[in-house]
Structure formats: structure tokens, C-alpha cells
1. Tally time: how many residues in the stretch 137-155 are outside any loop (DSSP other than H, G, I, E, B), charged (D, E, K, R) and either surrounded by fewer than 18 Cβ atoms within 10 Å (Cβ to Cβ) or out of contact with any helix residue (DSSP H, G or I) (no Cβ under 8 Å at 6 or more places or on another chain) (or both)?
2. Return yes or no: is Val67 surrounded by fewer than 20 Cβ atoms within 10 Å (Cβ to Cβ) and under 30 Å from Leu151 (Cβ atoms)?
3. Please specify each residue of the stretch 70-100 satisfying the condition of being polar (S, T, N, Q) and crowded, with 20+ Cβ neighbours inside 10 Å.
4. In the stretch 93-112, how many are in contact with a Gly (Cβ under 9 Å, 6 or more places away or on another chain), among the hydrophobic types (A, V, I, L, M, F, W, C) and under 21 Å from Leu37 (Cα atoms)?
5. How many residues are assigned to a loop (DSSP other than H, G, I, E, B) and of a type in the set (Ser, Thr, Tyr) if we restrict to the stretch 82-136?
6. Restricting to the stretch 36-59, what's the tally of residues that are at pLDDT 95 or above and either farther than 30 Å from Ser71 by Cα or outside any helix (DSSP H, G or I) (or both)?
7. Has the stretch 21-30 got at least one residue that is in a helix (DSSP H, G or I), at pLDDT 95 or above and loosely packed, with under 15 Cβ neighbours inside 10 Å?
8. Do you know which residues across the stretch 77-111 are among the polar types (S, T, N, Q) and either farther than 18 Å from Gly141 by Cα or within 13 Å of the chain's Cα centre (by Cα) (or both)?
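The values are calculated or read from the model by the stated rules, or taken from the named source; none is laboratory data. Owing to the predicted nature of the structure, the values given are computational and were not obtained by experimental measurement. Methodologically, a virtual Cβ is constructed for each residue, glycine included, from the backbone with ideal geometry; neighbour enumeration extends over all protein chains shown.
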Amino acid sequence: MKITPRQSVIGAIDLVAGTPIGERLVNVLKSYAPYILSLGRFVIGLLLFAHGVAKYFGFPPSPMANVPFASLFGAAGILELIGGSLLMVGLFTRPTAVVLSGMTAIAYFYVHFPKSAFPILNGGEAAILFCFSLLYLAVAGGGAWSADQWLLGEDASSGEMTVGRQTFARL
């Protein structure tokens, strides 16, 4: 019987995960999940903020600099500036991420998709990555290092939110 490379990789993963060492590794990695989520949220916010800065302040110089305020690109710039700032501090992460995810989906279909149906050809990879990363943040929340966690008592691991003495479960 011949073993394919795919079978050997899956077998190796099963072998490691089923051992005490593998279980410890998985548990250690799980313990860092809320912190890595916060780091990812911050980076996504920073990148969106940078897009807004490039549109309105022309830094760094780019083709999207000096967009008209009352245009689709202008509205996107405002959302990127405000939403990116909110994401960086982790304030109102879930609603902000929903709005920005929708904005990036619209950006993809409005700007990139008409050029080609293939993201690698139309330059829309970043818009797709932003869209689905933001959609994940909308579901997962801001993580352990977020203003949501500190101000609203949102539990990053259980998806619960505590306001005062009342605890609410996330759907």
C-alpha cells in the first residue's frame, strides 16, 4: 500500500494531537487565542486607518489621495478613518466590523470585480481579506486587549457581555 504525502501529513497531525505533548501544545495555543485576536484586530484597524489617511491627507502619496468628500471614495475614507480608529482601540468592535465588512464587500464589487472575475487579476485580494477578516471580528469580538473588554465587560472567551450585574449571552 502506497502512502501519499497528504496521508502522511494528516497522519502526523493525528499522531501529534493524540499525544500528551500534542494536547499540551493545543492547550497552550488556545490560551493565547484572545490575545492574538486583539493583535489581529489592531493590525486590521491600523491598515484601514492608513487607507483613510492616504485618501484624506495624501500620506503616503498615492493615486487615491485627495478624494472628494461627497463621493463613494470619500465616504469609504471616513469609514476607514473612524472605523479603523475604533478597531485599533477595540471599542464597539462588533458593530464597527459589520459596517466595515459591508464597506469592503461593496468596494470589491464596485471597484475590482468589473475589471475581472478573478481577484488575482483585478487587484481585489486585500478587499476580500478585509471583508472576511472583519466578518470574523464581528463574530469573535475584540479579544482580551480591547476597550469592549474593559468598559463593557465582554468576555472574549465565552462570548458573554456583562453590563453592571446583568450578563448577556451572544448569539
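1. Number satisfying all stated conditions: 0.
2. Numbers: surrounded by fewer than 20 Cβ atoms within 10 Å (Cβ to Cβ): yes; under 30 Å from Leu151 (Cβ atoms): no.
Spelling it out, it is not the case that Val67 is surrounded by fewer than 20 Cβ atoms within 10 Å (Cβ to Cβ) and under 30 Å from Leu151 (Cβ atoms).
3. Here is the first cut: in the stretch 70-100, the ones polar (S, T, N, Q) are 71, 85, 93, 96.
Once the filter is applied, which keeps residues that are polar (S, T, N, Q) and crowded, with 20+ Cβ neighbours inside 10 Å, the stretch 70-100 yields Thr93, Thr96.
4. Residues in the stretch 93-112 being in contact with a Gly (Cβ under 9 Å, 6 or more places away or on another chain), among the hydrophobic types (A, V, I, L, M, F, W, C) and under 21 Å from Leu37 (Cα atoms): 3 in total.
5. Narrowing the stretch 82-136 to residues assigned to a loop (DSSP other than H, G, I, E, B): 90-92, 113-118, 123-124.
Restricting the remaining residues to those that are of a type in the set (Ser, Thr, Tyr) gives 116.
Count: 1.
6. Matching residues across the stretch 36-59 total 4.
7. Kept after step one, since they are in a helix (DSSP H, G or I), are these residues of the stretch 21-30: 21-30.
The next check asks that each one be at pLDDT 95 or above; those that pass are none.
No.
8. Just the residues of the stretch 77-111 that are among the polar types (S, T, N, Q), to begin with: 85, 93, 96, 101, 104.
Listed by number, the residues that qualify are Thr93, Thr96, Ser101, Thr104.
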